[in-house]
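For reference, the structure discussed in these notes is given below.
The values are calculated or read from the model by the stated rules, or taken from the named source; none is laboratory data. Since the structure is predicted, the reported quantities are computational estimates derived from the model, not experimental observations. Please note: Cβ atoms are built from the backbone with ideal geometry, for glycine as well, and neighbour counts cover all protein chains shown. SASA here: full protein model, heavy atoms, side chains in, ligands and nucleic acids out. Shrake-Rupley method; radii C 1.70, N 1.55, O 1.52, S 1.80 Å.
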Amino acid sequence: MRAKQQLEEKLKQILKELNMTWPEKAVLEPPKDKKFGDLAANLALVLAKEAGKNPRDLAAALADKLRCDDSLIADVSVAGPGFLNVRFSPDFWREEIRLVEEKGADYGRNDSGNRKRVQVEYVSANPTGPLHIGHGRGAAIGDSLARILRFSGYDVETEYYINDAGRQMRLLGLSVWLRARELKNLPVSWPEDWYKGAYIVEIAKELLAARPGLLDLPEEQSQDICFEYAMQTIFDGIKRDLKDFRVSHERWFSERSLVDSGAVARGFEMLKKSGYSYEKDGALWFRTTALGDDLDRVLKKSDGSLTYFASDIAYHNNKFERGFELVVDIWGADHHGYIPRMRAAVEALGKPRESFEVVLVQLVNLLKAGEQVAMSTRAGQFETLADVIMEVGADAARFMFLSRKSDSPLDFDLDLVKRRTLDNPVYYVQYAHARVSSVLRRAAERGLSLPERATAELLALLKEEEELELLRILDRFTDTVSGAARNLAPHHVSYYLMELSGALHSYYAAHQVLGAGSGQLSLARLALLRAVGQTVRNGLELLGVEAPESM
RNA sequence: GCGCUCGUAGCUCAGUUGGAUAGAGCGUUGGCCUCCGGAGCCAAAGGCCGCAGGUUCGAAUCCUGCCGGGCGCGCCA
């Protein structure tokens, strides 16, 4: 971050002197091979192409300018087709420790989001039963993404959409009501698709105990009570599960409130005005094909009732009315076919395409010792999120969910997630943090007192290659965070943490800290470890994973 | 059939807006502290980045076609 910023600034200044401007496509990044230096710029390649010049000549000219300019730059060279390779001085890198010390828990925080208003909606599972492991993945991704976006200067609000209107909810009420009648030995006839789960019986029992006269009420009223009670009970469970998973939503948004407020009707009006709706076969249609979908979609059925899509349009319209500039939905991958029509809707509502993003979360295969665990409703299996958290802990589960691109299927092996080896990277990263904490504790016991801020003089003792390597990695943390935010990809942070932890373990094995030979050198190395520990902690915080002092 | 998506080491996967000789872990093989946490470290072997074209200084990345896997394709929610 600092390296990138400073070099970019220098180069811009030089370009200005040469009457050239910084091209959009210019990139500064660490080269794949370290022998090229700390940072490589393709600037000359891009500029030379535009001007029809030789990139190597241009790069050489830029390199000369850079060289005479700066004490922080140790070496500049030109290589390959015209890359400008820069190596910073050790002093430049050592400053990173002081920056971490200054920023502390805010190290890595950045303002790349420009206070853009973003909503992240996730989980939003129907209140028809407890959360399962697939919901857990969506929950971890949504929660972590919100943390990362906030850390990157976005103005974020998280939301859970409650599907409390519609047929499924009537079925839920009916199912409880029928179970209650069954418990009272009243005649029942089961409809085709009702909720058969054992928890429905439990809910019915509880409700009967609380309201003995329930079944004496008129049928409709009685079923309404059943529905309300069942939904409340199930949501209590969902909220408890989410809390145990360290996931919280700022707002719980009810679909029913949307219907009641007339928002759906308003949505229809907007579509009609924009010319995208029409009537056919007694139903109201939305011409989504005009906006990239492969079929037109029904909004209002010929029997007068609304489709799910209709209220979803109203819901998203409501989101934009609330002033969000970017709406991020986290969906199960089985809904991906739904994206084109939702995009079409957003566009018909007059919003730019890029104001709506969907993060698809692929299915989770639950395994035990390599064997697939059936995800059926049968009891006794680790099928619910609560069971999984109890089995492996929130930290391991969250890290596992966040250590893979969301859009690729994930094998979640219960035995592997409990294992404490690199197979299961959460321990590798947490161990790095615990190790740092342990050494700092030990140092204090031995009377080595590390000041809150290290001086440049002290840090000048850091000369080992592994030390400079750690510092270079630290410098990338901020970029990693802002990149994860921009790409809506929390797993970038996980991979970064694994790399940083690996570098720490290597360093630790190669060099003594407490036994470094001189007290001053020990202190300098302790300062480095403390900065690494802080960065690991900040990164884990973004994943919602704890950074233990000891394990 | 149409649409979306993925195809990278034996396995599981990274690869940021196109950058240099494609990375990590597991597994395999061989090593490492009488010392700060061995839950660790070091090293070796392992690749036509699905295939074939195209775009350009440059492609795992972008475009087209094909092959293979996953998912979706209701006046369901």
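Please report the relative contact order for the range A:287-421, taking Cα pairs under 8 Å with a sequence separation of at least 6, and give it as a percent rounded to a whole number.
On the way: 149 pairs, mean separation 28.8, N = 135.
Result for the range A:287-421 is 21 percent.
Which links in A:Lys184/A:Lys368; A:Lys196/A:Lys243; A:Lys272/A:Lys405; A:Lys53/A:Lys463; A:Lys116/A:Lys243 stretch past 30 Å when you go from one Cα to the other?
Numbers: A:Lys184/A:Lys368 41 Å; A:Lys196/A:Lys243 27 Å; A:Lys272/A:Lys405 39 Å; A:Lys53/A:Lys463 40 Å; A:Lys116/A:Lys243 27 Å.
Over 30 Å Cα-Cα: A:Lys184/A:Lys368; A:Lys272/A:Lys405; A:Lys53/A:Lys463.
Charges at C-beta only: +1 for Lys and Arg, -1 for Asp and Glu. How large is the resulting dipole of chain A about its Cα centre, in Debye rounded to 20? It would help to have the intermediate numbers written out before the result.
Numbers: 73 positive and 81 negative charges, 120 e Å.
Using only the charged Cβ atoms, the result is roughly 580 debye.
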### Summary
The distance between the Cα centres of the range A:462-476 and the range A:269-286, in whole Å, is 62 Å
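Counting residues in the range A:262-369 as N, plug N into 2.2 N^0.38 Å and put the Cα Rg over that result. List each step's numbers first, then the result.
Numbers: Rg = 15.3 Å, N = 108, 2.2 N^0.38 = 13.0 Å.
Normalised Rg, Cα atoms only: 1.17.
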## Note on the structure
Using the Cα gyration tensor of the range A:172-268, the equivalent ellipsoid's semi-axes, largest first and to the nearest Å, work out to 27, 20, 12
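Give the accessible surface of the range A:167-324 per residue, rounded to a whole number of Å², with probe radius 1.4 Å and ligands, DNA and RNA excluded.
Ligands and nucleic acids excluded, the result is 54 Å² per residue.
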### Task
Could you tell me which of rounded, prolate or oblate describes the range A:207-331, using a ≥ b ≥ c as the square roots of the eigenvalues of the alpha-carbon gyration tensor, with rounded for a/c under 1.5 and, failing that, prolate when a/b is larger than b/c and oblate otherwise?
oblate
### Query
What does the accessible area of A:Lys301 come to, in Å² to the nearest 10, when a probe of 1.4 Å is used?
90 Å²
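Would you rank A:Asp281, A:Asp387 by solvent-accessible area, highest first, keeping every protein chain in place and using a 1.4 Å probe? Show your work: numbers first, answer last.
Numbers: A:Asp281 125, A:Asp387 55 Å².
Ranking A:Asp281, A:Asp387 by accessible area, largest first, yields A:Asp281, A:Asp387.
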### Message
Rounded to whole Å, give me the distance from the Cα center of the range A:82-97 to that of the range A:189-268.
### Response
60 Å
### Share of Cα-Cα pairs in the range A:50-124 lying beyond 18 Å, as whole percent
65 percent
#### Entry: Farthest toward positive dipole pole in chain A [+1 Lys/Arg, -1 Asp/Glu at C-beta], among A:Ser124, A:Leu523, A:Thr455
A:Thr455
## Note on the structure
Using alpha carbon centers only, the range A:5-20 is separated from the range A:137-177 by a whole-angstrom value of 47 Å
#### Entry: In Å, descending, principal axis extents of the Cα set of the range A:32-172
75, 42, 28
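Around A:Asp294, with a cut-off of 15 angstrom between Cβ atoms, what is the net charge of the other residues, counting Lys and Arg +1 and Asp and Glu -1?
Summing Lys/Arg as +1 and Asp/Glu as -1 gives +2.
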### Query
Can you tell me the Rg and Dmax of chain A, counting just the alpha carbons, in angstroms?
28.9, 93
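Take the cross-link list A:Lys10/A:Lys49; A:Lys205/A:Lys239; A:Lys49/A:Lys103 and give me the ones stretching past 29 Å between alpha-carbons.
Flagged as over cut-off: A:Lys49/A:Lys103.
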### Task
Can you sort A:Asp294, A:Asp193 by 1.4 Å-probe accessible area, starting with the largest?
A:Asp294, A:Asp193
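Can you give the relative contact order of chain A as a percent, counting alpha carbon pairs under 8 Å and 6+ residues apart? Can you show the working numbers first?
On the way: 866 pairs, mean separation 88.8, N = 551.
Relative contact order for chain A comes out at 16 percent.
Return a whole-number percent for the relative contact order of the range A:288-361, with Cα pairs under 8 Å and 6 or more residues apart as the contact set. Present the calculation step by step, with values, prior to reporting the outcome.
Working: 73 pairs, mean separation 26.0, N = 74.
The value is 35 percent.
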### Message
Averaging the inverse of every distinct alpha carbon separation and then flipping it gives the Kirkwood radius. What is it for the range A:1-102, in angstrom units?
### Response
13.9 Å
### Rounded if a/c under 1.5, otherwise prolate or oblate - the range A:343-484, Cα gyration tensor axes
oblate
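Packing-wise, with mean Cβ within 10 Å as the measure, how do A:524-533, A:26-35, A:330-339, A:343-352 rank, highest first? All intermediate terms of the calculation are to be shown ahead of the outcome.
Numbers: A:524-533: 24.2, A:26-35: 13.1, A:330-339: 15.4, A:343-352: 19.4.
Highest mean packing first, the order is A:524-533, A:343-352, A:330-339, A:26-35.
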### Message
Using a 1.4 Å probe on the protein heavy atoms only, what accessible surface does A:Glu96 show? Give it in Å² to the nearest 10.
### Response
0 Å²
### Query
What figure in square angstrom, to the nearest 10, would you give for the accessible area of A:Glu95 with a 1.4 Å probe?
70 Å²
### Task
Pull out a ≥ b ≥ c, the square roots of the eigenvalues of the alpha-carbon gyration tensor of the range A:297-358, then state rounded if a/c is under 1.5, prolate if not and a/b is larger than b/c, and oblate in the remaining case.
oblate
### Task
Using the Kirkwood radius over Cα pairs, work out the Stokes-Einstein diffusion coefficient for the range A:481-551 at 37 °C and 0.692 mPa s, in µm²/s as a whole number.
242 µm²/s
### Task
Using the charge dipole of the range A:464-509 (Lys, Arg: +1 at Cβ; Asp, Glu: -1 at Cβ; taken about the Cα centre), state which of A:Gly483, A:Ala503, A:Leu471 has its Cα farthest towards the positive end.
A:Gly483
### Task
Could you rank the peptides A:202-213, A:136-147 by their average count of other C-beta atoms within 10 Å per residue, with the highest value first?
A:136-147, A:202-213
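Given a 1.4 Å probe, how much area per residue of the range A:466-521 is accessible, in Å²? Let's see the in-between values first.
Numbers: 1950 Å² over 56 residues.
Value returned for the range A:466-521: 35 Å² of accessible area per residue.
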